[in-house]
Amino acid sequence: MDAVVVLSGGQDSAICLALACRKYGAENVAAITFAYGQRHAIETKYARRLAKHFGVSAHKVVKLDFYSELTTNALFDPTMKIEKKGSCPTTVVEGRNAFFLLSAGVWAKSLGAKDIYTGVSQADYSGYPDCREAFVKAQQRMMRLAMEWPFRIVTPFMHMTKAEEWALADKLGVLELIRDNTVTCYNGIPGSGCGKCPACKLRNRGLKEYLNYGKIKS
């Protein structure tokens with residue numbers, strides 16, 4: 001096995017999966033999805049569909065039922081309003097990517113895989129601290145030390161805007177697949193979503209920018 005993709009069922013991770021399958025071949029790629037009590041848990045259903053569509057060698061859905069016992073946010077508590085407060089929206093899940101990457105690493109090592117793909121970005125994001133390049137580099141170093149395995153955390157979108165991601169999806173021939181068969185919306189609405197939550201606004205703004213300007217320029 002060459003790579004494990006952290007596959008949420010959303011836009012970013014789905015394009016990551018397409019990239020990994022293009023590079024290594026689907027038979028050498030595995031995907032891992034986390035059910036951690038998120039209100040938009042329907043994304044795991046779409047992750048299963050994506051894994052099946054691309055024909056990856058293995059897809060594992062891992063339950064992190066304990067997460068809501070440690071912290072609270074608008075993704076765990078449906079009574080909380082999804083809104084931007086300070087530098088982050090109320091949907092921030094403390095340490096989520098640290099948990100996800102470490103868990104993915106444990107499985108990856110058991111499969112003999114060294115590359116772990118994740119769709120985080122600090123160029124076009126909601127302010128989440130665990131989407132920054134500094135975090136990813138520190139996490140990679142920690143995982144190498146913890147497991148004595150030469151992990152490489154691959155972040156194709158670290159310095160990409162959402163519009164550039166859509167351009168890449170189009171280049172890979174999966175734009176319509178990503179557009180219609182992923183769940184980015186925090187309210188669990190597939191495709192273009194509710195259009196109101198921070199995730200939808202970011203996704204839809206990027207798509208609009210690409211369709212209105214990117215294709216014209218290209």
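The values are calculated or read from the model by the stated rules, or taken from the named source; none is laboratory data. Values in this document were obtained by computation on a predicted structure and should not be read as measured data. Here the Cβ is made from the backbone with ideal geometry for all residues, glycine too, and neighbour counts use every protein chain on show. What goes into the accessible areas is simple: the full protein's heavy atoms, side chains included, and nothing from ligands, DNA or RNA. Shrake-Rupley method; radii C 1.70, N 1.55, O 1.52, S 1.80 Å.
Hey, can you tell me all the residues within segment 75-104 that are assigned to a loop (DSSP other than H, G, I, E, B) and exposed (fewer than 14 other Cβ atoms within 10 Å of the Cβ)? Within segment 75-104, Asp77, Pro78, Thr79, Lys81, Glu83, Gly86, Ser87 qualify. Which count do you get for residues in segment 17-33 that are under 16 Å from Ala58 (Cβ atoms) and either open to solvent by 10 Å² or more (accessible area, probe 1.4 Å) or in a helix (DSSP H, G or I) (or both)? So the answer is 8.
Filtered by the rule that a residue be part of a loop (DSSP other than H, G, I, E, B) and surrounded by fewer than 17 Cβ atoms within 10 Å (Cβ to Cβ), segment 164-187 gives Leu172, Gly173, Asn181. Assessment of segment 139-157 against the conditions (in contact with a strand residue (DSSP E or B) (Cβ under 9 Å, 6 or more places away or on another chain) and in contact (Cβ under 8 Å) with a residue 60 or more places away in the chain) yields at least one matching residue.
If you go through segment 128-140 and keep only what is part of a helix (DSSP H, G or I), open to solvent by 50 Å² or more (accessible area, probe 1.4 Å) and in contact with a Phe, Trp or Tyr (Cβ under 9 Å, 6 or more places away or on another chain), you end up with just Pro129. Quick check: is even one residue across segment 27-34 aromatic (Phe, Trp, Tyr) and in contact with a helix residue (DSSP H, G or I) (Cβ under 8 Å, 6 or more places away or on another chain)? There is at least one residue in segment 27-34 that is aromatic (Phe, Trp, Tyr) and in contact with a helix residue (DSSP H, G or I) (Cβ under 8 Å, 6 or more places away or on another chain).
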